[in-house]
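First up is the structure itself, then whatever we jot down about it.
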Amino acid sequence: MEIDKILMYISDNLWFLLVLSFLFVIFLYFYVDINRDFNFSKRKLNYHTERGFYIALRLSAKEHGYSFPLPTLRFFVKRSLNHFLQILAKNMPYSGFRIMLQRMRGVNIGSSVHIGPSVYIDDVYPEYVKISEGASIAGHNTFLTHTKPLTYHRNLIESSVNPIVIGESAWISIGVTILPGVKVGNGSIVASGSVVTKDVPENVMVAGVPAKIIKVFEMESGKPTALRNPKYGEK
């Protein structure tokens with residue numbers, strides 16, 4: 001009989017309960033950012049060991065700095081919304097919407113930035129990406145801020161999260177992958193299909209896998225005027 005009363009109450013108040021649940025989810029989403037200190041610098045992570053869903057979720061919440069109250073639930077909500085916003089941002093038809101959604105995920109994006117379609121920004125640590133004023137991200141790009149090798153490989157490869165910084169007026173062309181810890185200097189160009197594994201100086205063009213400097217800019221009054229060979233000075 002008590003169960004019937006509960007079901008009747010839920011049926012009569014369904015919309016109210018849905019709105020209340022939605023507000024609770026939003027509260028959890030924003031509360032975690034208000035109460036969590038963030039340091040935009042490299043830090044070590046645990047190595048990857050495959051575990052059951054709940055155990056993995058609980059350990060991930062702890063690794064991300066979630067604590068009382070309800071750390072696992074808060075992390076689950078934030079992680080799920082983060083993933084949903086990523087999917088929306090990748091498929092939106094307009095750069096302004098993509099930027100708005102990526103900012104909601106925590107990506108630091110300056111003014112006058114362009115983000116093209118199908119741009120993947122780290123699904124777990126988007127807050128470790130900074131895209132500076134005037135930069136252009138052409139599309140079909142991948143930004144990876146963390147690497148998490150298996151425990152088996154702990155003596156070979158470091159497990160860490162490391163910021164990516166795209167400098168002012170930098171141009172990241174189609175199909176570029178940028179790995180953790182990379183800083184692309186102001187004004188530089190990363191050619192299509194490149195994989196960037198280390199810092200790119202200001203006002204150069206890099207290309208290849210891994211990306212290397214192929215041209216440097218001739219500058220006049222702070223503006224690029226021509227490209228030249230970095231070794232021989234040839235245009």
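One table, with the values for the structure above:
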| item | result |
| --- | --- |
| Complete set of residues in the stretch 115-151 that are free of Cβ contacts under 8 Å to residues at least 40 places away in the same chain, outside any loop (DSSP other than H, G, I, E, B) and buried (at least 17 other Cβ atoms within 10 Å of the Cβ) | ILE115, ILE121, VAL129, ILE131, SER136, ILE137, PHE143 |
| Some residue of the stretch 74-85 being in the same structural domain as THR142 (by TED's automatic domain parsing) and in contact with a strand residue (DSSP E or B) (Cβ under 8 Å, 6 or more places away or on another chain) | no |
| Residue ID - surrounded by the fewest Cβ atoms within 10 Å (Cβ to Cβ), chosen from residues in the stretch 98-114 that are among the polar types (S, T, N, Q) and not in a helix (DSSP H, G or I) | SER111 |
| Looking only at the stretch 184-201, and only at residues there that are buried (at least 19 other Cβ atoms within 10 Å of the Cβ) and of a type outside the set (Gly, Ala, Ser), the one that is nearest to TYR128 (Cα to Cα) | VAL184 |
| Odd one out for GLY181, checked against (1) in a strand (DSSP E or B); (2) surrounded by 15 or more Cβ atoms within 10 Å (Cβ to Cβ) | (1) |
| Whichever residue in the stretch 55-72 is among the aliphatic types (A, V, I, L, M) and farther than 19 Å from GLY106 by Cα and, among such residues, is surrounded by the most Cβ atoms within 10 Å (Cβ to Cβ) | LEU57 |
| Extreme residue, nearest to SER188 (Cα to Cα), among residues of the stretch 152-165 that are outside any loop (DSSP other than H, G, I, E, B) and among the hydroxyl-bearing types (Ser, Thr, Tyr) | SER160 |
| Filter pass, VAL176 being crowded, with 22+ Cβ neighbours inside 10 Å, without any contact (Cβ under 8 Å) to a residue 40 or more places away in the chain and not basic (Lys, Arg) | yes |
| Output for the stretch 216-232, where each listed residue is over 13 Å from SER169 (Cβ atoms), in contact with an Asp or Glu (Cβ under 9 Å, 6 or more places away or on another chain) and surrounded by 11 or more Cβ atoms within 10 Å (Cβ to Cβ) | ALA226, LEU227, ARG228 |
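The values are calculated or read from the model by the stated rules, or taken from the named source; none is laboratory data. Every value quoted in this text rests on a predicted model; they were computed, and no experiment measured them. Here Cβ is always computed from backbone atoms with ideal geometry, including for glycine, and neighbour counts include all displayed protein chains.
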